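All remarks here apply to the structure that follows.
The values are calculated or read from the model by the stated rules, or taken from the named source; none is laboratory data. Everything numeric in this text was worked out from a predicted model, so none of it was measured. Here the Cβ is made from the backbone with ideal geometry for all residues, glycine too, and neighbour counts use every protein chain on show. Please note that ligands, DNA and RNA were not included when accessible areas were found on the heavy atoms of the full protein model with its side chains. Shrake-Rupley method; radii C 1.70, N 1.55, O 1.52, S 1.80 Å.
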Amino acid sequence: MQLVDIGANLGHESFRHDFDAVLQRAQEHGVGRMIVTGASREGSEHALALARAHPGVLWATAGVHPHHAVDYDDATDARLRELAQDPAVRALGETGLDYNRNYSPRDVQLHAFERQLAIAAELGKPLFLHQRDAHGDFVALLRRWRDKVPAAVVHCFTDSREALCDYLALDCHVGITGWICDERRGSHLREFVREIPANRLMIETDAPYLLPRTVRPQPSHRRNEPMYLRHICEEIARDRGEPADVTAANSTATAEAFFGLPRAD
C-alpha cells in the first residue's frame with residue numbers, strides 16, 4: 001500500500017525533536033510522500049525548506065491561513081508569489097475562510113483569500129483550501145475564480161452533504177482526515193464519503209492535529225503524524241465499501257495527478 005499524505009503540518013514545533021524518525025515511521029507504514037502545509041509567510045518558507053531538504057519525499061504548499069489573514073500585506077503577497085514559483089511548491093494555500101474562531105476579521109479574511117486566489121490564477125497553481133463555518137461566503141468567492149485555476153482541493157473536509165455537492169459541482173477535490181474517525185463530531189462523514197468520486201478523493205492526516213480517535217493504542221503524547229494515514233485510509237475504505245488497497249491506489253493516483261508528483265515505482 002503506497003499512500004500520499006496531502007496535508008501534514010510538519011513544520012510544527014512538535015516535530016522538531018524527532019523529525020527524521022517521523023519520516024521513517026511514515027515510510028514504514030506506506031506513506032512515502034507528503035505535502036507539507038504552508039499556513040503563514042514564515043510557515044511557507046519553512047515548508048519549502050523541508051521539501052528542498054527531502055526531495056522525492058516532501059513537497060510543499062505556500063499560503064496564508066485565514067487565522068493569519070490579519071498579517072497579510074503587500075510584502076507577504078510578493079513573497080508568496082516568489083515561493084509559489086519554486087518547483088517544490090505544488091499548490092497555493094492553505095488559504096480560505098474560517099468563521100469558527102475569527103482570529104482575523106471576516107472582511108480581512110475575504111481580502112487575503114481573494115489576493116491568494118489571484119496568485120493561483122496568475123501562476124496556474126492548484127489551490128489548497130480551508131473552510132470552516134463560512135461555506136456561503138467561501139463558495140461564492142470560489143465560484144468567481146474556479147475557472148481561472150487548474151484545480152482546487154477543499155482540505156480537511158468536515159462539512160455537510162450539501163456542501164460536498166457544492167464543491168463537487170465546482171469540480172473540486174476533497175481531502176478527508178481522521179475527523180471521520182471521531183464519533184462525537186465526524187460520524188456524519190461516514191454516511192456520504194462513498195459519494196465522493198474516486199478521482200476527487202484524497203486523504204490526509206493534518207498532523208500534528210486530528211489524531212484519529214479509533215487508533216489503538218492511543219499514543220500518550222496525542223500527536224498525530226503521517227504514519228497514521230494508513231489507519232485513516234482503512235476507515236474510509238470501510239465506509240466506502242471497498243478494499244483498503246483500492247482506496248489507497250485511487251487516492252494516491254489522484255494526489256499524483258493533482259500535485260504533479262512522479263508516479264510511485
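Tabulate in residue order the Karplus-calculated ³J(HN,Hα) for region 174-182, using 6.51 cos²θ - 1.76 cosθ + 1.60 with θ = phi - 60°, rounded to whole Hz; enter x for Gly and Pro.
10, x, 10, 10, x, 3, 5, 8, 8
Please compute the volume of the convex hull spanned by the alpha-carbon atoms of the chain and report it per residue in Å³.
Per-residue hull volume (Cα only) is 117 Å³.
Across the chain, where is the longest run that never hits trypsin sites (Lys or Arg not before Pro) in a DSSP loop with at most 16 other C-beta atoms within 10 Å? Could the numbers behind the result be given before it?
Details: sites that count: 16, 101, 184, 185, 213, 222, 223, 263.
That would be 17-100.
Can you give me the long-range amide H partners of residue 32? Hydrogens built in the peptide plane at 1.01 Å from N, cutoff under 5 Å, separation of 5 or more residues or another chain.
The list, which skips near neighbours in sequence, is 3.
Given 170, 48, 150, which one lies farthest toward the positive end of the charge dipole of the chain, if we put +1 on the Cβ of every Lys and Arg and -1 on the Cβ of every Asp and Glu?
Value: 170.
For region 189-206 and region 119-143, what is the centre-to-centre distance using only Cα atoms, to the nearest Å?
Each part reduced to its Cα centre gives a spacing of 19 Å.
With the other protein chains left in place, how much accessible area per residue, in square angstrom, belongs to region 115-265 at a 1.4 angstrom probe? If you can, show how the numbers build up before the last one.
Values: 6320 Å² over 151 residues.
Value returned for region 115-265: 42 Å² of accessible area per residue.
Which of 17, 111, 54 moves the most in a Gaussian network model of the chain with Cα springs under 10 Å?
Highest fluctuation of the listed residues: 17.
How large is ³J(HN,Hα) for each residue in region 208-218, as worked out from phi by the Karplus curve 6.51 cos²θ - 1.76 cosθ + 1.60 (θ = phi - 60°), to whole Hz, x for Gly and Pro?
x, 8, 6, 3, x, 6, 8, 5, 10, x, 6
Taking the radius of gyration and the Kirkwood hydrodynamic radius from Cα positions alone, what is the Rg/Rh ratio for region 138-210, to two decimal places? Mind dumping the intermediate values first?
Values: Rg = 12.5 Å, Rh = 12.8 Å.
The Rg/Rh ratio comes out at 0.97.
Just by accessible area at a 1.4 angstrom probe, what is the order of 227, 34 from largest to smallest? All intermediate terms of the calculation are to be shown ahead of the outcome.
Details: 227 30, 34 0 Å².
I get 227, 34, largest accessible area first.
Determine the equivalent ellipsoid of region 192-265 by diagonalising the alpha-carbon gyration tensor, then write out the semi-axes as square roots of 5 times the eigenvalues, largest first, rounded to whole Å.
Numbers: eigenvalues 101, 49, 21 Å².
In descending order the semi-axes read 22, 16, 10 Å.
If I take all pairs of Cα atoms in region 91-181, what percentage of them are more than 21 Å from each other?
On the way: 996 of 4095 pairs.
That fraction is 24 percent.
Would you mind estimating how fast region 1-139 diffuses translationally, via Stokes-Einstein at 20 °C and 1.002 mPa s with the Kirkwood radius over Cα pairs, in µm²/s?
Working: Rh = 15.2 Å.
The diffusion coefficient I find is 141 µm²/s.
Between Rg and the Kirkwood Rh of region 129-265, both from Cα atoms, what is the Rg to Rh ratio? Mind showing how you got there, number by number?
On the way: Rg = 14.9 Å, Rh = 15.5 Å.
Checking Rg against Rh, the ratio lands at 0.96.
Within the accessible area of region 164-230, what % is carbon and sulfur when the probe is 1.4 Å and the other protein chains stay in place? Kindly include the intermediate steps, with their values, before the conclusion.
Working: 1400 of 2790 Å².
Carbon-and-sulfur percentage of accessible area, whole number: 50.
If contacts are Cα pairs under 8 angstrom and at least 6 residues apart, what is the relative contact order of the chain in percent?
20 percent
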